[in-house]
Amino acid sequence: MNRRPNILWYCTDQQRYDTIAALGNEFVTTPAMNSLVERGVAFASAYCQSPICTPSRASFLTGMYPSAVGANKNGVELFPQRYPLITKTLADLGWECGLVGKLHLATAAGGVEPRVEDGYSYVRYSHAPRDDWEHGHDYVEWLHARDADLDSMLADPANVPAEHHQTTWCSDMATEFIERPRNGPWMLSVNPYYPHPPFDPPQSYLERFDAESMPDPLFRESDLTNQSRLTAAGVDFQSTPSTPEEMDVRVEKARYYAMIELVDDQLVRILRAIDRAGETENTLIILSSDHGEALGDHGLIFKGCRFFEGLSRVPLIFCWPGTIQSGIRSQALVELTDIVPTILEIAGLPVPEGMHGKSLLPILLGDVPPERHRDHVRCEYFDAVDLPDHTYATMFRENRWKLVVYHGKGVGEIYDLKNDPHEFENLWDVPAARDVKADLLLRSYDAAVRSMNHGPERVAAI
């Protein structure tokens, strides 16, 4: 390709794959996301490489698996930067790179997270809508300029008005960046904190939803037995297995969907800013999320070490009017690692040998059919959150089968996604699935070995 497009990468936080109206959700209104689906290529089977923030973000910004990057946990002191971030690569090539919202390659506890060579020359930072460090929180400064006080709003988060919401601030800052005078292309990462918990939409958005009309989660009574077995084995999660009624999941789902609609309304504002600047046909737009949300499925809410579809499968949409295909909905297995090599090819750069990601550009351009991209996808969880049980687990998913191994715990999961798409029947201990289990274990092990950090490049025979 001989063009150097602008790139808007809008990455939500903890958004499930099934939360966009144009892709089948009948309960939310998402005109901005719908427009991207209609004008671009939507990958309906895209998977994150960790169901937790920092490992996932480190992975999709490098095109490498979290374990190879060495960023396996939330709360780390510093991102190890074994591989360059795509933003640094683009900045070195002349793109003006901007960051709005969270980065989360390292801890933000007690202060703004330490930065590495990330390539961002424009930074408007807000890890989360809270005020627990002395300086550097640009969202709080924005509120102060509007005579609004975050601490007062946090006393009743549900009553934070939309005009003072962190998601609104993200759109304001993104618009400011897009309108800056410049002579070359730009790349903007917009990373709002939402729909991440706490599910605290403005009241005006929550009023759009009737909790009693919300759809049921994927739940059977047997889920409690299955999840309790994993909990007893010491497998981490952020919530205790419980029934939908115990977690009041209809109310939680209404709040979550209200947050989706707020995010969508704010995305509209950014797309309009690009259009006003006359840059729509010169801007590649990527919509993604770092990982999903349980939202009551299988007796769980929030996130942690599980790999159900709602947690590991996320939205991924590319839109570039006039250049890539439009109205394509691909069911091919895709990883978030595939974003970086796609951007590299668009920028005219070779994809480095050994990069785990595989460029999606042939599908975007229509050079290959959209039905197939990968034979399998992987997801990892290595002691990722500050819980006492230190869980290590991997997911290997092919077209029909999904394997999950909780390493060192003596438990695992196998799901036949053809006959059990909602993952209710765990075949791990079923004798009839013994051969399938052996095959999946071997293939997953082989894939894990190939995904390791294999050290520096060989430069001589000895």
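Count, please, the residues in the stretch 336-350 that happen to be in contact (Cβ under 8 Å) with a residue 24 or more places away in the chain and more than 21 Å from residue 188 (Cα to Cα).
Applying the first criterion (in contact (Cβ under 8 Å) with a residue 24 or more places away in the chain) to the stretch 336-350 yields 336-349.
Now restrict to residues that are more than 21 Å from residue 188 (Cα to Cα): none.
Residues that pass the stated criteria total 0.
Given the criterion among the charged types (D, E, K, R) and buried (at least 22 other Cβ atoms within 10 Å of the Cβ), identify the matching residue among 418, 358, 409, 402.
On inspection, the qualifying residue turns out to be 402.
Here is a check on your reading of the model: is residue 237 under 24 Å from residue 11 (Cβ atoms), in contact (Cβ under 8 Å) with a residue 24 or more places away in the chain and of a type in the set (Phe, Trp, Tyr)?
yes
Tally the residues that are aliphatic (A, V, I, L, M) and more than 21 Å from residue 157 (Cβ to Cβ), restricting the search to the stretch 203-224. Working first, answer last.
First, pick out the residues of the stretch 203-224 that are aliphatic (A, V, I, L, M): 206, 211, 214, 218, 224.
Now drop any that are not more than 21 Å from residue 157 (Cβ to Cβ), which leaves 218, 224.
Residues meeting the conditions: 2.
In the stretch 129-151, how many residues are at pLDDT 90 or above and in contact with a helix residue (DSSP H, G or I) (Cβ under 8 Å, 6 or more places away or on another chain)?
Residues that pass the stated criteria total 8.
Which count do you get for residues in the stretch 290-341 that are buried (at least 24 other Cβ atoms within 10 Å of the Cβ) and of a type in the set (Ser, Thr, Tyr)?
Residues meeting the conditions: 2.
Considering only the stretch 365-396, state which residues are touching a residue at least 60 places away in the same chain (Cβ under 8 Å), over 19 Å from residue 74 (Cα atoms) and open to solvent by 20 Å² or more (accessible area, probe 1.4 Å).
Scanning the stretch 365-396 gives 370, 376.
Within the stretch 414-462, track down each residue that is in contact (Cβ under 8 Å) with a residue 24 or more places away in the chain and not in a loop (DSSP other than H, G, I, E, B).
If the condition is that a residue be in contact (Cβ under 8 Å) with a residue 24 or more places away in the chain and not in a loop (DSSP other than H, G, I, E, B), then 414, 436, 437, 440, 441, 443, 444, 447, 448 are the ones that fit.
Does residue 242 satisfy being touching a Leu at 6+ places or on another chain (Cβ under 6 Å), open to solvent by less than 50 Å² (accessible area, probe 1.4 Å) and not in a helix (DSSP H, G or I)?
In short, no.
When the stretch 100-155 is examined, which residues are found to be of a type in the set (S, T, N, Q) and touching a Gly at 6+ places or on another chain (Cβ under 9 Å)?
If the condition is that a residue be of a type in the set (S, T, N, Q) and touching a Gly at 6+ places or on another chain (Cβ under 9 Å), then 107, 121, 126 are the ones that fit.
Residue by residue, here is whether (1) in a loop (DSSP other than H, G, I, E, B); (2) closer than 26 Å to residue 457 by Cα; (3) touching a His at 6+ places or on another chain (Cβ under 8 Å) holds:
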position	(1), (2), (3)
321	yes, no, no
351	yes, yes, no
355	yes, yes, no
358	yes, yes, yes
368	yes, no, no
373	yes, no, no
377	no, yes, no
381	no, no, no
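Can you tell me which residue within the stretch 52-91, out of those that are of a type in the set (A, V, I, L, M, F, W, C) and in contact with a strand residue (DSSP E or B) (Cβ under 6 Å, 6 or more places away or on another chain), is nearest to residue 394 (Cα to Cα)?
90
In this structure, does residue 43 turn out to be open to solvent by less than 10 Å² (accessible area, probe 1.4 Å) and over 24 Å from residue 99 (Cα atoms)?
Numbers: open to solvent by less than 10 Å² (accessible area, probe 1.4 Å): yes; over 24 Å from residue 99 (Cα atoms): yes.
Yes, satisfied.
Is one or more of the residues making up the stretch 69-83 open to solvent by less than 40 Å² (accessible area, probe 1.4 Å), among the β-branched types (Val, Ile, Thr) and at pLDDT below 95?
yes
The values are calculated or read from the model by the stated rules, or taken from the named source; none is laboratory data. Since the structure is predicted, the reported quantities are computational estimates derived from the model, not experimental observations. All Cβ positions, even for glycine, are placed from backbone atoms using ideal geometry, and neighbour counts span all protein chains on display. The protein model used for the area step is the full one, side chains on, heavy atoms only, and it has no ligands, DNA or RNA in it. Shrake-Rupley method; radii C 1.70, N 1.55, O 1.52, S 1.80 Å.
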